[in-house]
Every structure is written in C-alpha cells, then in structure tokens.
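Here's the structure we're looking at; comments come further down.
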Amino acid sequence: MRTRPPGTGVAVVIALTLVLILGVTAKDKPATVAVQGRVFLIDQSTSALMVDTKTQGRRLVLYSVNTKFEYGRSGKARESSVDQIKETDYISCTGALDDRERLIATHCLHRESK
C-alpha cells in the first residue's frame, strides 16, 4: 500500500483554491488590448476608426471625448485630436474590448506612415 507524505492533501486543496481565486480575479479585471496599424477609415459621425492591422485584418476602434489622442512617437508625443488623424496614418490604440470585439479606446497615438 502506498502512503503519501503527511500534509499532501492540505497542500493540494490550498493550491486548487489559489488557482480558482486567481482565475476569478483575472476574469473580473478587463484586459487592456492594443490595436496597431494604418487608418483605413475615419467616421466622425459614429466616433469610429477602421484600422488595417498586419495580423488581425481590419479592426473597428471606437473613441469618445475621454479618449486621449497624441501625435508622434511614444517618447516625444504631443497632444492631438481626432481631427488631426488622416487616412493612411499609423495608429496605435489601447483600451478594452466590448462584447462585439470592438476596441473602446482610452489612448491613441498616431503618426504619419513611412
């Protein structure tokens, strides 16, 4: 008959409890997602940008008055607005996904394409 070292059962229960708690905590916190690529379409009436990405195809990015826009590169960016974005600009937006997999942007950094 095989015997387990004392305390093994308790250790397994504690480990499983931690995994479940951390898994639930991670699901409660919305993940920050980034969409990067070239601006394909700007629709100011619906506050939306369509971005051509290299790996994910075209992605819809929604913005609001709370979205912070910057122009330039991350180290030397200056404040901007959606009015200064042009089609074919390179853009990198971060935010959370909604239930329809659209990015709700909180920050967008754009610059002219090479």
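Please determine, by comparing only the residues of the range 66-87 that are of a type in the set (S, T, N, Q) and under 19 Å from the mean Cα position of the chain (by Cα), which one is surrounded by the most Cβ atoms within 10 Å (Cβ to Cβ).
Looking at the filtered set, the residue picked out is T67.
Out of the range 101-110, which residues are surrounded by fewer than 21 Cβ atoms within 10 Å (Cβ to Cβ) and either touching a strand residue (DSSP E or B) at 6+ places or on another chain (Cβ under 6 Å) or polar (S, T, N, Q) (or both)?
Hits for the range 101-110 are R102, I104, T106, H107, L109.
Check the range 90-100 and report whether any residue there is in a loop (DSSP other than H, G, I, E, B) and either surrounded by 15 or more Cβ atoms within 10 Å (Cβ to Cβ) or at pLDDT 95 or above (or both).
No, the range 90-100 contains no residue that is in a loop (DSSP other than H, G, I, E, B) and either surrounded by 15 or more Cβ atoms within 10 Å (Cβ to Cβ) or at pLDDT 95 or above (or both).
Collect the residues in the range 53-65 that are surrounded by 15 or more Cβ atoms within 10 Å (Cβ to Cβ) and either part of a strand (DSSP E or B) or touching a helix residue (DSSP H, G or I) at 6+ places or on another chain (Cβ under 6 Å) (or both), keeping them in residue-number order.
R59, L60, V61, L62
Can you report the number of residues in the range 68-89 which are closer than 16 Å to Q44 by Cα, assigned to a strand (DSSP E or B) and of a type outside the set (K, R)?
Residues meeting the conditions: 1.
Can you list residue pairs whose Cβ atoms sit under 8 Å apart, with the first residue in the range 98-112 being acidic (D, E) and the second being not in a strand (DSSP E or B)? Count only pairs 6 or more apart in sequence or on different chains.
These pairs meet every condition: E112/K86; E112/D89.
I14 versus (1) modelled with pLDDT under 95; (2) β-branched (V, I, T); (3) surrounded by 15 or more Cβ atoms within 10 Å (Cβ to Cβ): which is the lone unmet condition?
Looking at each condition in turn, I14 falls short on (3).
Cβ contacts < 6 Å: first residue under 16 Å from A96 (Cα atoms) and among the polar types (S, T, N, Q), restricted to the range 56-68; second residue at pLDDT 95 or above and surrounded by 10 or more Cβ atoms within 10 Å (Cβ to Cβ), any location; separation 6+ or different chain. Result?
T67/A105
The values are calculated or read from the model by the stated rules, or taken from the named source; none is laboratory data. What you see is a predicted model, and the numbers here were worked out from it, not measured in a lab. Heads up, the Cβs are rebuilt from the backbone with ideal geometry, glycines too, and the neighbour counts pull from every protein chain shown.
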